[in-house]
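Working notes for the structure below.
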Amino acid sequence: MILKKKNSPNTTQMIEDDIRYSFRKITSQNNPILSITINNTNCNTAKELRFNLTNRLFNKIYKDYKQSFEVVNYLFVIEYPTIVSMGNLLPKSCKPHTHIILETTLSIEIVNTYIQNIFEIKKSDIYIEDITKRNDKNNYVNYLIKQKNLLTTDNYNYKITI
């Protein structure tokens with residue numbers, strides 16, 4: 001069964017609940033869990049970043065590994081710089097970045113290479129951590145939704161095979 005985000009209009013609370021639900025589904029699996037932050041993607045809007053994540057990055061990985069037994073389940077949340085969440089700048093006037101929770105059997109090196117190639121960015125703009133064995137990994141979802149007043153249906157996405 002594949003869980004995918006529904007693009008229907010949602011309240012902030014419904015979006016937060018959906019992110020929490022998808023996070024629990026990903027972290028309840030038995031494969032490695034990676035926390036990924038990508039900065040300086042050269043995407044000017046959340047819509048452009050969402051397109052590149054969904055249609056270029058994850059679709060490319062799925063296409064390349066569809067004949068294998070590799071696992072690639074993801075949740076991403078697009079976030080704006082702190083100055084936006086403080087109310088000092090509008091989201092449309094700054095470049096967003098993203099946080100990804102990735103359940104995968106692919107190596108960190110492979111994931112990093114895909115990100116670098118899709119976004120054409122330096123390795124220093126990508127932070128990947130294996131959080132599989134972290135005791136506090138279940139609290140990480142609170143970090144993902146910290147800008148809940150700015151979350152819309154365009155700011156996150158997930159696809160999980162269970």
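At-a-glance table
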quantity	calculated
Over region 106-162, equivalent-ellipsoid semi-axes from the Cα gyration tensor in Å	23, 18, 13
Enclosed volume per residue, in Å³, of the convex hull spanned by Cα atoms of the chain	113
Added length on full extension, which subtracts the Cα-Cα distance from 0.36 nm per residue, Thr113 to Asn44	22.6 nm
Set Lys5/Lys47; Lys47/Lys133; Lys6/Lys63; Lys4/Lys47; Lys25/Lys146; Lys4/Lys60 screened for pairs whose C-alpha atoms are more than 27 Å apart	Lys47/Lys133
Calculated from backbone phi, Karplus (6.51, -1.76, 1.60) coupling profile of region 149-155 in Hz, x at Gly/Pro	5, 10, 6, 10, 5, 7, 8
5 angstrom amide H check on Leu34, placed H, neighbours 5+ away	Leu102, Glu103, Thr104, Ile131
Heavy atoms of Met1 accessible to a 1.4 Å probe, total area in Å² rounded to 10	140
Other-chain or far-sequence residues with amide H under 5 Å of Glu79's (modelled H)	His97, Thr98, His99
Label zone at Ser124 (point 7 Å along Cα-to-Cβ), backbone N below 18 Å, region 29-63	37-42
Relative contact order (%) - criterion: Cα under 8 Å, at least six apart; region: the chain	44
Solvent-accessible area of Asp18 with every protein chain in place, 1.4 Å probe, in Å² to the nearest 10	30
Share of carbon and sulfur in the accessible heavy-atom surface of the chain [1.4 Å probe, %]	51
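The values are calculated or read from the model by the stated rules, or taken from the named source; none is laboratory data. Bear in mind the structure is a predicted one, so any value in this text is a computation, not a measurement. Heads up, the Cβs are rebuilt from the backbone with ideal geometry, glycines too, and the neighbour counts pull from every protein chain shown. With ligands, DNA and RNA removed, areas are computed over all heavy atoms of the protein, side chains included. Shrake-Rupley method; radii C 1.70, N 1.55, O 1.52, S 1.80 Å.
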